[in-house]
1. Going by alpha carbons, how many degrees (0 to 90, nearest 10) lie between the helix axis of 396-408 and the longest principal axis of the chain?
2. Between ILE165, GLY79, PHE144, whose Cα lies farthest towards the positive end of the dipole of the stretch 77-175 when Lys and Arg beta carbons carry +1 and Asp and Glu beta carbons carry -1, centred on the Cα centre?
3. Using unit Cβ charges (K, R positive; D, E negative) and no other charged atoms, how large, in debye to the nearest 20, is the dipole of the chain about its Cα centre?
4. Checking the table LYS367/LYS404; LYS49/LYS288; LYS300/LYS342; LYS49/LYS77; LYS70/LYS91 against a 20 Å threshold on Cα-Cα, which pairs fail?
5. Identify, among PRO61, LEU45, ALA28, the residue whose Cα sits farthest towards the positive end of the charge dipole of the stretch 1-152, taking +1 on the Cβ of Lys and Arg and -1 on the Cβ of Asp and Glu, with the dipole about the Cα centre.
6. Give the Rg/Rh ratio for the stretch 200-286, taking Rg as the radius of gyration of the Cα atoms and Rh as the Kirkwood radius, to two decimals.
7. When all alpha-carbon pairs of the chain are counted, what percent fall beyond 42 Å?
8. How much FRET efficiency would the formula 1/(1 + (r/R0)^6) give for ALA24 and THR240, where r is the Cβ-Cβ distance and R0 is 51 Å, rounded to 0.05?
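Bear in mind these aren't lab numbers, they're just calculated from the coordinates by the rules spelled out. Since the structure is predicted, the reported quantities are computational estimates derived from the model, not experimental observations. Cβ sites come from the backbone with ideal geometry, for glycine too, and all protein chains shown count toward neighbours.
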Amino acid sequence: MEAAHRLKSLPAWMADPETEELVAALSAGDAEPPRFVGGCVRDALINRKVYDIDLATPLVPDAVMALLQKAKIKYAKTGVEHGTVTAIVNKQPFEVTTLRRDIETDGRHAKVTFTDNWCEDAARRDFTVNALFCDLEGNIYDYFGGVKDLHAGLIRFIGDAEERITEDVLRILRFFRFYAHYGRGAADARALEACGRMAEKIPALSQERITYEFLRLLEAERAPGALRYMEESGVMRRLTEQNPAIDVLERLITLEAAWDTDFDAMRRLAALFSEDVPLLRLSRVQEKHLARLRDQDWLKKIWPEMTGFEIRQCVFDMGNDILRDLIQLAAARAAENSVREKYRGLYLEATSCRLPRFPVTGKDVIKLGVPEGKELGVFLKQVETWWRDRDFRSGRTECLEYLKSCVENEGD
């Protein structure tokens, strides 16, 4: 196939010495040169930042490894049974995968055989925008109209949508994830119908795969639109019985941009769902963070008329970051713009608030003759409460004097 398109200008990563060294190694002798494939090509076409560089080659894995070895390029057999070898050039990883075609699928995983046919490899991929190849000169090989779809914001399955989903049910969630990141206008009707019909199979997928796709979807600025399509098609009901607060999420995303807030998946998840989603498997760190954002005792402390004293007390209890998240979530849940503006002021206060370190330690209590143990903790807590009630203004000398009076007056 002749190249159908050409990049207007070569992205910097394509001209990097590491990239050129790898392509040269895999093109040695009479080997057909590899081509860049998938996300790096798609994102280069629309001038988005490229994070991972993947290459496809008609060479079988053993031949790939032999050429890498000859060129003294390190590699790892990350998925060699599926045709993937990770080449490492100057500490930069590149996934190199042999062209493949599916010979058996079960809805979750595919058995593949290697091929030297670029079109066969493209045909096994999920969406037209992911079936794009590019050579080192910037020539684009497009077998299914992916370039046109990409520029139109159309996420379209290659071939029959239901058949492609039958091969791997995860493609349902991938469809909505890619729509969130790349889609514009109305989503493909046939794809939506197929996703809805096949959605009952989603619970059979591993929680890890579901979680990865859903959290990646939430990263997108246009995530609310994709989530609404998930609701309309019946896909959302297969993930959870909760009614997602999509309007709240939409306002949160707007506020994040307006308030210059970094993306946080758990904040967006807390905006969308008030309870856990059983099909999502979060890490312990993520679970702990999400639990804090749903803590009812903390949520009750957030209101639009919070005073500076209340802000400082919350910073002491929660830390600046959690308080900022809770304020932003409260603002997203507020329907009136005037209320959101009040939260904006509180958010800035929470950002700039810096509290002094509590000036008393356990050693100070021990010096007054109190043995280590429960009683020591009681005195520390007593002084801390007094210090907090005085709005954190008392210094070490005052705190030690108060501690001494507490110890001396014990039992009075």
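1. 60
2. So the residue we want is GLY79.
3. The dipole magnitude comes to about 520 debye.
4. On the way: LYS367/LYS404 10 Å; LYS49/LYS288 31 Å; LYS300/LYS342 17 Å; LYS49/LYS77 27 Å; LYS70/LYS91 18 Å.
In this structure, LYS49/LYS288; LYS49/LYS77 lie more than 20 Å apart at Cα.
5. The residue sitting most towards the positive pole is LEU45.
6. Rounded to two decimals, Rg over Rh is 0.95.
7. The answer is 34 percent, as a whole percent.
8. After rounding to 0.05, the efficiency reads 0.55.
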